[in-house]
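See below for the structure under consideration.
The values are calculated or read from the model by the stated rules, or taken from the named source; none is laboratory data. Just so it is clear, the model here is predicted, and its values are computed rather than measured. Here Cβ is always computed from backbone atoms with ideal geometry, including for glycine, and neighbour counts include all displayed protein chains. Ligands, DNA and RNA are stripped out before the accessible areas are found, and what is left, the full protein with its side chains, is counted by its heavy atoms. Shrake-Rupley method; radii C 1.70, N 1.55, O 1.52, S 1.80 Å.
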Amino acid sequence: MKKLFLLLCMFFLFMCTAQAAVPEDTAAFHDKYQLQKMLVLSRHNIRSPLGKTINQLTPHQWAAWTSAPGELSQKGGELETIMGQYFRERLVRDKLIVENEQPAEGEVRFYANSMQRTIATAQYFSSGMLPVANVRIEHKFAPSRMDPVFTAAFTYMNDAYQVKVMQEMAARGGKDGLRGIGEGLADSYRLLENTLDSSRSEAARTNGFTGFRSDDIEIVLENHNGPYVLNSLQTAIGVSDALVLQYYEEDDPVKAAFGHKLTETEWRQISQPKDVGMDVMCGTHAAAVNLAHPLLQVMQQELSLDSRKFTFLCGHDSNLASVIGALDIEPYTLPNSVEAKTPIGAKLVFEKWLGKDGQEYASLNLVYQSTEQLRSRTMLSPAVPPMIYPLRLHGLQQNEDGLYRFQDVLQRFQDTMDAYEQMKQ
């Protein structure tokens, strides 16, 4: 009986944390508003790690992946199908589509970056959401090549702008600037070293690797290229990313940590170099307005198109981070996720609602599978939803139901794109 009681308590706790405290899920809300349109900007789901450097930093064998480096894994495809099925049930409930919907020409658009993991994510999502519609996944190039719309790269650069961007990035470290960023990661660096057992690695034996330094961060800003970091943070981002992906993919959490028993708090520390690196490189406003500009243009067009009722855009964490930074979304830290800002498979969701007062409104949420939902392949539905985290646009007023005026949101897109043009001038 005691064991059963504990299991019931754990189940109740999981259900409570998985439920979304957002007004869109209440009957009272649906008495006042009708869903008119949805735009989803998605990060791809679980992929295999990138690069060979990670092999040199640990004596242990990394997981045997079901996909080639950088490609969507089988589990990633399963999880994305589950998420698509959740959206299908949700949109049927909200009367934007019908069961087994076969959309008319132009009513839906699925557009992905031309990388295998993004095309495949869009394909799996569409199979879950529109299983009989035979949706075409739009991509501009043969895989795997970056599409400029989804390439978070600077399309403008001069000396004054470079200084401004660097100042904003360094400010993430407080009064100590870039060194402060590194010092803030010191505990994560030590945990990474211990988890990897890096003192016994090939890098330690042959290259003299003694650990990640907190005082050697360099950031490079170049036109027609994305911002990138060098030295310890660059290496730490690679192994942080690989370990978090391995944690999602591997059923045994101890095996995922190379024999170490890590708490959820420690897994969040493992993820921190990657999260901080992405926030510094793509999340500052001055950089993000530039990096996200081509994608913001597409998003504004999709939101303004009367004939379109559903849009799915699939890219990367850099796309979500730069759009969030460019639109001046207020800072947040996500619950129930080892990734603090843009978890694997996360979706930035814009919804257009028609109120009974005849006015058009918009909601903005980040929808993602919790760490436990990712690891256990939890089946999702409106009764057992993914995590739904409401986002706030700095300086915009919400009504009593947590909605913005739709025109105010469109204007925020326009103001952001105008800021890009003014910056160039």
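Data overview
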item: Helices (runs of 4 or more DSSP H) fully within the stretch 162-252 counting 3 or more residues that are under 18 Å from Thr53 (Cβ atoms); result: 186-196, 202-207, 231-249
item: Count of residues meeting criterion [in contact with an Asp or Glu (Cβ under 9 Å, 6 or more places away or on another chain) and either open to solvent by 50 Å² or more (accessible area, probe 1.4 Å) or farther than 20 Å from Ser232 by Cβ (or both)] in the stretch 163-183; result: 4
item: Checklist (1) touching a strand residue (DSSP E or B) at 6+ places or on another chain (Cβ under 7 Å); (2) on the phi < 0 side of the Ramachandran plot applied to Asp328, failing item; result: (2)
item: Filter result (part of a helix (DSSP H, G or I), over 19 Å from the mean Cα position of the chain (by Cα) and either among the aliphatic types (A, V, I, L, M) or buried (at least 24 other Cβ atoms within 10 Å of the Cβ) (or both)) within the stretch 291-323; result: Leu303
item: Test set (1) open to solvent by 20 Å² or more (accessible area, probe 1.4 Å); (2) in a helix (DSSP H, G or I); (3) within 27 Å of Leu334 (Cα to Cα); (4) at pLDDT below 95 - Arg88 fails condition number; result: (4)
item: Contacts under 7 angstrom Cβ, first residue in the stretch 128-152 being basic (Lys, Arg), partner part of a loop (DSSP other than H, G, I, E, B) and open to solvent by less than 20 Å² (accessible area, probe 1.4 Å), 6 or more apart; result: Lys140/Ser114; Lys140/Asp147; Arg145/Ser114
item: Positions within the stretch 336-359 being outside any loop (DSSP other than H, G, I, E, B) and crowded, with 18+ Cβ neighbours inside 10 Å, in sequence order; result: Lys347, Leu348, Val349, Phe350, Glu351, Lys352, Trp353
item: Residue match in the stretch 373-385 (condition: in contact (Cβ under 8 Å) with a residue 60 or more places away in the chain and under 21 Å from Glu302 (Cβ atoms)); result: no
item: Single condition Thr333 does not satisfy, out of (1) among the polar types (S, T, N, Q); (2) under 25 Å from Gly106 (Cα atoms); (3) open to solvent by 10 Å² or more (accessible area, probe 1.4 Å); result: (2)
item: Selected residue (only one of Ala383, Ala362 is assigned to a strand (DSSP E or B), closer than 26 Å to Leu96 by Cα, of a type in the set (Gly, Ala, Ser) and out of contact with any His (no Cβ under 9 Å at 6 or more places or on another chain)); result: Ala362
item: Residue match in the stretch 94-114 (condition: open to solvent by less than 10 Å² (accessible area, probe 1.4 Å), more than 17 Å from the chain's Cα centre (by Cα), over 30 Å from Ala286 (Cβ atoms) and among the acidic types (Asp, Glu)); result: yes
item: The one condition in (1) in contact with a Ser or Thr (Cβ under 6 Å, 6 or more places away or on another chain); (2) farther than 22 Å from Leu50 by Cα that Ala112 fails to fulfil; result: (2)
item: Evaluation of Asp94 against (1) under 18 Å from Gly238 (Cβ atoms); (2) touching a His at 6+ places or on another chain (Cβ under 9 Å) (one fails), failing number; result: (1)
item: Given (1) outside any loop (DSSP other than H, G, I, E, B); (2) over 18 Å from Gly77 (Cβ atoms); (3) out of contact with any His (no Cβ under 9 Å at 6 or more places or on another chain), index of the condition Ser127 fails; result: (2)
item: Single residue of Ser144, Ser127, Ser199 found to be hydroxyl-bearing (Ser, Thr, Tyr), farther than 26 Å from Gly238 by Cα and open to solvent by 40 Å² or more (accessible area, probe 1.4 Å); result: Ser127
item: Breaking point among (1) at positive phi; (2) at pLDDT 95 or above, for Asn113; result: (1)
